[in-house]
Amino acid sequence: MASPPRPVAIPTGTPAPPGEVLVVLGAQWGDEGKGKLIDLLASRYDMVARCAGGSNAGHTIVVNDVKYAFHLLPSGLLNPHATAVIGNGVVVHVPSLMKELTSLEAQGIPHPSSRVVDGLREVERGAAKIGTTKKGVGPAYSSKANRTGLRVGDLRQFRSFPAAFRRSLASKHKRFHAFDYDVKAEVARYYEYAQVLEPNITDTVALMADAITGGERAVVAAGGDGAPAPSPSASVLVEGANAALLDVDFGTYPYVTSSNCTIGGVSTGLGIPPRHIGHVVGIVKAYTTRVGEGPFPTELLNELGERLQRVGHEYGTTTARPRRCGWLDTFMLRYTNSVNGYTAVGLTKLDVLSAFETVKIGTGYTVRGRRCAYYPASLETIGEAEVVYEELPGWEGVDITQTRTWEALPENARKYVERVEQLMGVAVQWIGVGPGRDAVIVRNPVPTA
């Protein structure tokens, strides 16, 4: 058996150097627990940024038994010293953003038409529905691609906003005739929103460039006048939304979201050049879940799946929908690693597996008796796939929620983590063992040679 890969050194407590960019991405179908690791790492960074998705993405962080739910805002906001950035790749339902700001403020943390259209599209699909969150994300990205959408920057030029708003709405009425809309009242509402948001609206691409490269000034300074190029001024933590298998290009299409939630979305959604991305952390739940329709080869449609759902409290942050549950699928994880290039892994909810006498890991697929060499692109092929499993002894009945060191974990739990590392080819540096903010084991990173 091969030795587990050695962890890449990603410090947890010391401040990140100016210019460092670390990206946290979901490695499965979402709901992996990205928020917990983001919260752990956010104190190191000057900026926390969202690059894709919309209010269909939810992160929950528990601090002193208080739950903080994030949907549009970066969950790194719990770091009071970080600047929060919502990048150009995010679709923003402004009323939801205002509601979220108000809700978090109450906890001490200093397009509506699209929502309608999303619901109509689900009805139109009938039996072939995708199972979206009906938060308007798909229609918003559709409007962007059709060049009929509104940009947050339009709120700064409010004199021309009403005409732009009517043009955008007219394009939806051409397709969907079943909804009424009070344009005058809505424009008045957006005027109030603009008064609140305007001071916080900026060119986020320039903001990122200044943070990690010194911005356009560096180009001017390097032009021969002898002036030194400015140094990077800030470090950046990028929060991925949704997850790899929900990516519109690389996921189980059409049962996906409408954005690029793999590593490429960081560049297109924030304007960060790929060469400046230093670390990519993949977040992996110790088992697999997904919400909505679509293929799920390791799904457990029995008491074991119900137990995972019950013990893991598998209900969506954004929708409260019960999540489908199954065993961990490392064949799928090798695929998402090939797309994202993880430098380290955060493994979450290992404590949930304490409810099982034995645990299984999906290691590959066979279709019509032949082993798949690569994750299938065809839904039909995935639907025919039979999962090849390894069964490992569990640690049933052992409460690991208070465990804080690698050595204190049950031996079988350590063997499970090590086997996941071997099958993925990426080291696990963080292990979530409970819902609390501090319920994380940080393995001592060993610098690679």
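The values are calculated or read from the model by the stated rules, or taken from the named source; none is laboratory data. What you see is a predicted model; the values in this text were computed from it and never measured. Heads up, the Cβs are rebuilt from the backbone with ideal geometry, glycines too, and the neighbour counts pull from every protein chain shown. Side chains are part of the model used for accessible areas, which takes the heavy atoms of the whole protein and leaves out ligands, DNA and RNA. Shrake-Rupley method; radii C 1.70, N 1.55, O 1.52, S 1.80 Å.
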Check: Is one or more of the residues making up segment 406-425 at pLDDT 95 or above, open to solvent by 50 Å² or more (accessible area, probe 1.4 Å) and among the basic types (Lys, Arg)?
Finding: yes
Next item on the list: Out of the residues in segment 79-88 that are more than 20 Å from residue 265 (Cβ to Cβ) and touching a Pro at 6+ places or on another chain (Cβ under 9 Å), state the one that is surrounded by the fewest Cβ atoms within 10 Å (Cβ to Cβ).
Entry: 80
Next item on the list: Scan segment 366-373 and give yes if some residue there is open to solvent by 30 Å² or more (accessible area, probe 1.4 Å), polar (S, T, N, Q) and modelled with pLDDT of 95 or more, otherwise no.
Entry: yes
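Residue by residue through segment 75-99, note down the ones that are of a type in the set (Val, Ile, Thr) and part of a loop (DSSP other than H, G, I, E, B).
The answer is 91, 92.
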Check: So, in segment 219-258, of the ones that are of a type in the set (Val, Ile, Thr) and either closer than 24 Å to residue 74 by Cα or modelled with pLDDT of 90 or more (or both), which residue ends up most open to solvent (accessible area, probe 1.4 Å)?
Finding: 248
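Can you confirm whether residue 277 is more than 18 Å from residue 53 (Cα to Cα), modelled with pLDDT of 95 or more and not charged (D, E, K, R)?
On the way: more than 18 Å from residue 53 (Cα to Cα): yes; modelled with pLDDT of 95 or more: yes; not charged (D, E, K, R): yes.
Against the criterion (more than 18 Å from residue 53 (Cα to Cα), modelled with pLDDT of 95 or more and not charged (D, E, K, R)), residue 277 qualifies.
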Check: Quick one: what pairs do we get from segment 138-161, first residue part of a helix (DSSP H, G or I), second basic (Lys, Arg) and modelled with pLDDT of 65 or more, C-beta under 9 Å, 6+ apart or different chains?
Finding: 139/172; 143/172; 144/151
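Assess whether residue 351 counts as being open to solvent by less than 20 Å² (accessible area, probe 1.4 Å) and among the acidic types (Asp, Glu). Write out each step before concluding.
Working: open to solvent by less than 20 Å² (accessible area, probe 1.4 Å): no; among the acidic types (Asp, Glu): yes.
Taking the combined requirement at face value, the residue does not satisfy it.
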Notebook entry, point to check: What number of residues within segment 293-333 satisfy the criterion of being out of contact with any Leu (no Cβ under 9 Å at 6 or more places or on another chain) and at positive phi?
Noted result: 2
Check: Among 13, 76, 54, which is modelled with pLDDT under 85 and open to solvent by 20 Å² or more (accessible area, probe 1.4 Å)?
Finding: 13
Notebook entry, point to check: Inside segment 259-291, can you point out the residues that are open to solvent by less than 20 Å² (accessible area, probe 1.4 Å), under 15 Å from residue 324 (Cα atoms) and not in a strand (DSSP E or B)?
Noted result: 286, 287
Checklist line | In segment 426-438, residue surrounded by the fewest Cβ atoms within 10 Å (Cβ to Cβ) [restricted to those that are touching an Asp or Glu at 6+ places or on another chain (Cβ under 9 Å) and either β-branched (Val, Ile, Thr) or under 16 Å from residue 406 (Cβ atoms) (or both)] | finding: 434
